[in-house]
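Some notes on the structure that comes next.
The values are calculated or read from the model by the stated rules, or taken from the named source; none is laboratory data. Just so it is clear, the model here is predicted, and its values are computed rather than measured. Ideal geometry is used to build each Cβ from the backbone, glycine not excepted, and the neighbour counts take in all protein chains shown.
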Amino acid sequence: MQVQFHGAAGEVTGSCHLLDVAGHRVLLDCGMIQGSPADERRNLTPFDFDAAAIDAVVLSHAHIDHSGRLPLLVKRGFRGPIFTHPASIDVAGILLADSASIAAQDADRDNRHLAAGSAPTVPLYGADDVAATIQRMRPLPYRQSSEILPGVRVTLRDAGHILGSASVEVTETASGRSLVFSGDLGPKGTPILCDPETVPRADLVLMESTYGDRLHRSLTDTIAELGQIFAQASASHGNVVIPAFAVGRSQELLYFFAEHFQDWGLDQFRIFLDSPMASKVTAVYDRHEDLFDAEAKALWANRPHPLRLPNLSFTDSVDQSRAINEIHGGAIILAGSGMCNGGRIRHHLRNNLPGANNHIVFVGYQAAGTLGRLLVNGVPSVKLFGEQVPVNAQRHTVGGLSAHADQAGLMAWYGAIANHPPVWLVHGEDPARGTLAERLHAQYGTTVNLSAPGKQVDV
C-alpha cells in the first residue's frame, strides 16, 4: 500500500490523499482549497492524477475543505462510488449545492465586467455536477468493517468533529496492513457530539495538526467569556456579530444559547440565524439525534429546544437579511461564512465594524489570507464591497469553541493507538505541525514526518 499527498500538505485546506491499495486507487477526501484569492484560484488547476482512474473515494466528512472538489472530480471523469457516513451524505448535499451556487454567482459577477476579447469565467462546477456527485455517495455506518473494493476494507469511527465526521481505517486484506486517516478530530466534551473514538492499532497514521501548537481554553472559561461578551453588549446597547460555520459551530452556539438562556440574559436580545444553509443543516442535526451524546439528547428533550428559542429567527430571504441591518442594538447575528470570505456575514460586518459599541466574536479557525484572519490579527480597517471600513467594534477570539482537538487532544488520540505507528502530519500550517511532531516524538518515540505535495510514502 502506498499513499501520495495531493492537498492539505503544509496547509489546512484542500484535503486530498491518494492510496494505491490492492491494485486499486482510492482517494481520501477531495477538498476545496480556501484562503486568499490566489489560493482559491488553485482549485482551477488540473488534478495531479487522472480523475477517471480513481476507483473509489472515502470522504471523512462534509466540510468543504474536505468535500468541495468532489463535483469537480466527477466533472473531470470520476465514475466510482463515494463512501461516507449517512449524516455526511445529508450535509454534503447542502454544502456542495451552496458551493455551486456561489461559483455561479462569482462567475456572473466577473462576466458582467468582462473586457472585450477576454474569455468568460466558467464556474468550477454546477448544480448538475453536484447532483451527480451525491448520486455516487454510498452510506457506511460507524464501527462496521466494509469491503469497498476487492481486497480493500474500510472502517469509519466517530471523529467528534461535526455530524457524521469520521476517522478512516483502510486495510489491505491480503497483507493485513492498515492506514488510519484521522480526518478532523474534535475535542473531548464538545456539545452535541460524542467524543472522538480511538483506534486500536495501525501501520501508518495520517493525522491532522491544525492546532498542534496550542491548547484551547477550558469549556468552563469559554462559557464564562461568552456570558461576559453578551453582558457587555447589553450594557453598551450594541450588536453581537458571530461569523459561524454553517455546519457544527452554528448548531453548537444554538445549543449553548438554550442551555444558558437565562444566565446570559439572552431574552434581552433578538437572535438571528442569518444563513439559509445553516438553517438546513440544523434541520439535518434534528434528524440525527441518534448521533448526539447523552447531554444533548436530554437538552433536546427537556430544555428550551435549541431550534425553537422564543426570540430566534431563521432569516432565509435576502430581504429578511437586509432588514437586520436596520437594528442598531440588541441583536445577536450568526451568519456565514465562518472565515468571512463570502456570504451574508460580510454585509453585517460592513454595518457593524464601525460601531464601537458592537462586538465581533470569532469562534472558529481563520485560515491565512482570509478576511477573518485579518480581523483577528487586529487590522484597523478592511475593504468590503469596494469601500474601506474602519474597525472600531470590539473583537473577541473565543478559542474554546473550536471543533478541532488541541495539542493535548491530538496527543491523547494518538497515544491510544497501542503500537504507536509512524505518523505523517497533514491538515496543518507551520509551525503548528512542526511543534506537534516534536511533542509526538518526545512523548512516544514516534517517527513523525511532515507531508508535502506529491510526496509518496509506503505503508
Of the conditions (1) buried (at least 20 other Cβ atoms within 10 Å of the Cβ); (2) on the phi < 0 side of the Ramachandran plot, residue 8 satisfies every one except a single condition; which number is it? (2)
Mind listing just one residue for me: the one in the range 170-190 that is within 25 Å of residue 297 (Cα to Cα) and surrounded by fewer than 21 Cβ atoms within 10 Å (Cβ to Cβ) and, of those, modelled with the lowest pLDDT? 189
Which of (1) in contact (Cβ under 8 Å) with a residue 40 or more places away in the chain; (2) under 22 Å from the mean Cα position of the chain (by Cα); (3) surrounded by fewer than 17 Cβ atoms within 10 Å (Cβ to Cβ) is the odd one out, the single condition residue 377 does not satisfy? (1)
From 212, 265, 189, residue being among the small types (Gly, Ala, Ser), closer than 30 Å to residue 7 by Cα and in contact with a Ser or Thr (Cβ under 7 Å, 6 or more places away or on another chain): 212
Just one of the numbered conditions (1) of a type outside the set (Phe, Trp, Tyr); (2) in a strand (DSSP E or B); (3) out of contact with any Lys or Arg (no Cβ under 8 Å at 6 or more places or on another chain) is not true of residue 360; which one? (3)
Which one of the conditions (1) under 27 Å from residue 218 (Cβ atoms); (2) assigned by TED's automatic domain parsing to the domain that holds residue 351; (3) not charged (D, E, K, R) does residue 443 fail to meet, given that it meets all the rest? (2)
Inside the range 309-329, can you point out the residues that are assigned to a loop (DSSP other than H, G, I, E, B), out of contact with any Asp or Glu (no Cβ under 7 Å at 6 or more places or on another chain) and among the polar types (S, T, N, Q)? 317, 325
Can you confirm whether residue 39 is closer than 20 Å to residue 129 by Cβ and either in a helix (DSSP H, G or I) or assigned by TED's automatic domain parsing to the domain that holds residue 127 (or both)? no
From the list 338, 369, exactly one residue is surrounded by 22 or more Cβ atoms within 10 Å (Cβ to Cβ), among the small types (Gly, Ala, Ser) and touching a residue at least 60 places away in the same chain (Cβ under 8 Å). Which is it? 338
Only residues that are farther than 30 Å from residue 209 by Cβ and in a loop (DSSP other than H, G, I, E, B): list them for the range 367-392, please. 380, 385, 386, 391, 392
Flagged in the range 64-92 as under 15 Å from the mean Cα position of the chain (by Cα), within 13 Å of residue 30 (Cα to Cα) and touching a residue at least 40 places away in the same chain (Cβ under 8 Å), in numbering order, are 65, 66, 69, 92
State whether one or more residues within the range 281-299 are at pLDDT below 90, touching a strand residue (DSSP E or B) at 6+ places or on another chain (Cβ under 7 Å), part of a helix (DSSP H, G or I) and not charged (D, E, K, R). no
I'd like the residue in the range 74-133 that is assigned to a loop (DSSP other than H, G, I, E, B) and charged (D, E, K, R) and, out of all such residues, is surrounded by the most Cβ atoms within 10 Å (Cβ to Cβ). 76
Residue by residue through the range 4-60, note down the ones that are among the β-branched types (Val, Ile, Thr) and either in contact with a strand residue (DSSP E or B) (Cβ under 8 Å, 6 or more places away or on another chain) or touching a residue at least 24 places away in the same chain (Cβ under 8 Å) (or both). 12, 13, 21, 26, 33, 54, 57, 58
Restricting attention to the range 226-265, report how many residues are surrounded by fewer than 17 Cβ atoms within 10 Å (Cβ to Cβ) and either more than 26 Å from the chain's Cα centre (by Cα) or not in a loop (DSSP other than H, G, I, E, B) (or both). 10
From 393, 403, which residue is closer than 19 Å to residue 13 by Cα, buried (at least 19 other Cβ atoms within 10 Å of the Cβ) and in contact with a helix residue (DSSP H, G or I) (Cβ under 7 Å, 6 or more places away or on another chain)? 403
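Residue-by-condition table, conditions (1) among the β-branched types (Val, Ile, Thr); (2) under 19 Å from the mean Cα position of the chain (by Cα); (3) modelled with pLDDT under 95:
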{"site": "12", "(1), (2), (3)": "yes, yes, yes"}
{"site": "25", "(1), (2), (3)": "no, no, no"}
{"site": "31", "(1), (2), (3)": "no, yes, no"}
{"site": "36", "(1), (2), (3)": "no, yes, yes"}
{"site": "49", "(1), (2), (3)": "no, no, no"}
{"site": "53", "(1), (2), (3)": "no, no, no"}
{"site": "62", "(1), (2), (3)": "no, yes, no"}
Suppose we keep only residues that are under 19 Å from the mean Cα position of the chain (by Cα) and either of a type in the set (A, V, I, L, M, F, W, C) or under 18 Å from residue 198 (Cβ atoms) (or both) within the range 421-443. Which one would you say is surrounded by the most Cβ atoms within 10 Å (Cβ to Cβ)? 426
